[in-house]
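Written out below as structure tokens is the structure these notes cover.
The values are calculated or read from the model by the stated rules, or taken from the named source; none is laboratory data. Values in this document were obtained by computation on a predicted structure and should not be read as measured data. Cβ coordinates were reconstructed from backbone atoms using ideal geometry, including for glycine residues, and neighbour counts include every protein chain displayed.
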Amino acid sequence: MKIAALQMVSGQEVAANLAQARSLMAQAAALGAELVVLPEYFCAMGARDTDKLAYREIFGQGPIQDFMARAAEELQLWVVAGTLPLAADDAQHVFNSSLVYSPQGECVARYDKIHLFQFENGREHYAEAAVVQAGSRPVVCDIQARNGDSWRLGLSVCYDLRFPELYRTLSAQGADLLLVPSAFTYTTGQAHWEVLLRARAIENLAYVLAPGQGGVHENGRRTWGHSLLIDPWGEPQALQSGGPGVVLGNLSRERVQQVRQQLPALTHRVL
């Protein structure tokens, strides 16, 4: 199955970001991709964290969700809409949610980001919990390739990457492709991004696809990018360092089986 991570440098205007996302999806489809995954906050990176409150949507309705469903159907793609803000339990917060769309334009899974980013180094300050309500439930989702192969997606978002117990839970539920749509900061990405992604692939003997935001945004934030696909042995298969683009690669059922047979670590778990 051919899949693609779509790297973006989202700005503050939702319409412009959706147009960029649609263009990248079309490029990936023309290259033969069957699954495309957008980065975290693909629909907008606002000037302030609270800006996302203005374009939040109720789950199941709204222009961003309608756009994603229509694009999936028109392009005949499985689409993972990295994250968009969905209404939470109060007016001051949103869920940071990843939605999976089928080629029929149906939303077949929703994952609300569980772990909320916090970072302070004297120059940069982030506190996602000020505006985002944490999710509480790991989510897996089955998709089918055109050749009949079935793949089980394990859904996660960005800061989740630092919590291996989430990926163990997804793996225990049969995930063989772990998705990590992200907007890693340049500082944390340079230090930890690839090593953490490779570790999650190695630990779970699974593919990892990680689309990121990658560049300097209108709000001044600089994101790390380096979107990539990693195979179940922990080897990077495709990478784009910065700027918008399509990171294309292939999933192989035989590769997963080979790696898990030669190193059956998943059957050796005790705790």
Gln261 is checked against (1) surrounded by 14 or more Cβ atoms within 10 Å (Cβ to Cβ); (2) over 19 Å from Ala5 (Cα atoms) and fails just one. What number does that condition carry? (1)
Between residues in the range 162-178 that are assigned to a helix (DSSP H, G or I) and residues that are modelled with pLDDT of 95 or more and among the basic types (Lys, Arg), which pairs lie under 9 Å by C-beta distance while being six or more apart or on different chains? Pro164/Arg200; Tyr167/Arg200; Leu170/Arg152
Selection count where residues are touching a helix residue (DSSP H, G or I) at 6+ places or on another chain (Cβ under 9 Å) and loosely packed, with under 14 Cβ neighbours inside 10 Å, scope the range 118-145: 7
Enumeration of residues in the range 16-34 that are within 19 Å of Arg48 (Cβ to Cβ) and of a type in the set (A, V, I, L, M, F, W, C): Ala16
Scanning for something modelled with pLDDT of 95 or more, under 23 Å from Val216 (Cα atoms), touching a Gly at 6+ places or on another chain (Cβ under 7 Å) and not charged (D, E, K, R), does the range 148-170 turn up at least one residue? no
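Report whether or not Thr169 is surrounded by fewer than 17 Cβ atoms within 10 Å (Cβ to Cβ), within 20 Å of Ile114 (Cα to Cα) and among the β-branched types (Val, Ile, Thr). Working first, answer last.
Numbers: surrounded by fewer than 17 Cβ atoms within 10 Å (Cβ to Cβ): yes; within 20 Å of Ile114 (Cα to Cα): yes; among the β-branched types (Val, Ile, Thr): yes.
Considered against the rule, which asks whether it is surrounded by fewer than 17 Cβ atoms within 10 Å (Cβ to Cβ), within 20 Å of Ile114 (Cα to Cα) and among the β-branched types (Val, Ile, Thr), Thr169 comes out as yes.
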Please go through the range 99-144 and give me each residue that is in contact with an Asp or Glu (Cβ under 8 Å, 6 or more places away or on another chain), assigned to a loop (DSSP other than H, G, I, E, B) and either β-branched (Val, Ile, Thr) or closer than 22 Å to Ala88 by Cβ (or both), ordered by number. Lys113, Ile114, His115, Leu116, Phe117, Val131, Ala134, Gly135, Ser136, Arg137
Residue hits (the range 223-271; among the acidic types (Asp, Glu) and touching a strand residue (DSSP E or B) at 6+ places or on another chain (Cβ under 7 Å)) are Asp231
Given the range 195-245, what strands (runs of 3 or more DSSP E) lie entirely inside it while holding 3 or more residues that are without any contact (Cβ under 8 Å) to a residue 60 or more places away in the chain? 236-240
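What are the residues in the range 1-48 that are assigned to a strand (DSSP E or B) and farther than 17 Å from Gly212 by Cα, if any?
Scanning the range 1-48 gives a single hit, Lys2.
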Out of all the residues in the range 101-112, is one or more modelled with pLDDT of 95 or more, touching a helix residue (DSSP H, G or I) at 6+ places or on another chain (Cβ under 8 Å) and crowded, with 19+ Cβ neighbours inside 10 Å? yes
